[in-house]
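Worksheet: one structure, shown below.
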Amino acid sequence: MTEEIGAFYTGRPTEQIAQELLGHELVYTTPAGTMSGWIVETEAYLGQQDTAAHAFNGRHTAANAALYDAPGTIYIYVLRGFYMFDVATQAAGTPQGILIRGIEPHQGLDLMRQHRDKPDPEITNGPGKLMAALGIQSKALNRTMLGAKNLTITPTMTRRPKQVAATARVGVSDGSWHDRPLRYLVAGNPYVSASRKRDWDREHHGWQA
């Protein structure tokens, strides 16, 4: 099963995989219940040549070792006190990855609110926010495969975006790659981080009917 999941994260450019993840469902199962949400925002990081990537110039440490593991490996790291969820892409030894930046809640919203008592869409409209809402506040799942334990992403798309938009990544200001359009989002979805209310599709949230 994990081999099948891993196959999704290789065989084509990481940028393409990041776009294709939109509409897949992130699922986290706990003793208290299952929580899930459709992925609405991702960012691609392209390894050694990418000035914003953790593996830029071949950097390889205990902290970012998950990026060098098999495709589909979970990479959890802490940034400014917030836990972030990344998935390694490409063959082992090629340290590329995709940051999951926003999800639209589906299952377990009440449980998410116990972890993060915020109104919609503030509950999961950012990478640190979605991890807090899921109650993942440790690196226990770092370097495990999607689906091997209790955190996974569905292998198929369960909702289809009407339009995918590409922009510069968030918070990347230094280096020659700072303005490359490697952030992908479901246009009009309120759970996209820092989205403007006037751009929201309030009826369908940017999904095809």
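The values are calculated or read from the model by the stated rules, or taken from the named source; none is laboratory data. Just so it is clear, the structure is predicted and the values come from calculations on it, not from any experiment. Every residue, glycine as well, gets a Cβ built from its backbone with ideal geometry; the counts of neighbours run over all protein chains shown. Please note that ligands, DNA and RNA were not included when accessible areas were found on the heavy atoms of the full protein model with its side chains. Shrake-Rupley method; radii C 1.70, N 1.55, O 1.52, S 1.80 Å.
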Problem set entry | Matching residues in the range 1-20 - criterion: being under 16 Å from GLY93 (Cα atoms), crowded, with 18+ Cβ neighbours inside 10 Å and modelled with pLDDT under 95 | GLY6
Problem set entry | Residue that is most open to solvent (accessible area, probe 1.4 Å), among those in the range 85-111 that are among the aliphatic types (A, V, I, L, M) and within 18 Å of PRO190 (Cα to Cα) | LEU109
Problem set entry | Matching entry among MET145, MET131, MET112 (being more than 23 Å from GLY81 (Cβ to Cβ) and at pLDDT 95 or above) | MET145
Seminar exercise, completed: Among (1) in a helix (DSSP H, G or I); (2) open to solvent by 40 Å² or more (accessible area, probe 1.4 Å); (3) within 22 Å of ALA168 (Cα to Cα), GLN114 falls short only on (3)
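Based on this model, can you work out whether THR61 counts as touching a residue at least 24 places away in the same chain (Cβ under 8 Å) and of a type in the set (S, T, N, Q)?
Values: touching a residue at least 24 places away in the same chain (Cβ under 8 Å): no; of a type in the set (S, T, N, Q): yes.
No.
Could you check the range 21-48 and list, in sequence order, the residues that are open to solvent by 60 Å² or more (accessible area, probe 1.4 Å), touching a residue at least 40 places away in the same chain (Cβ under 8 Å) and not in a strand (DSSP E or B)? Please lay out each step first, then the result.
Step one: filter the range 21-48 for residues open to solvent by 60 Å² or more (accessible area, probe 1.4 Å), giving 29, 31-32, 48.
Imposing the further condition that a residue be touching a residue at least 40 places away in the same chain (Cβ under 8 Å) reduces the set to 29, 32, 48.
Across the range 21-48, the qualifying residues are ALA32, GLN48.
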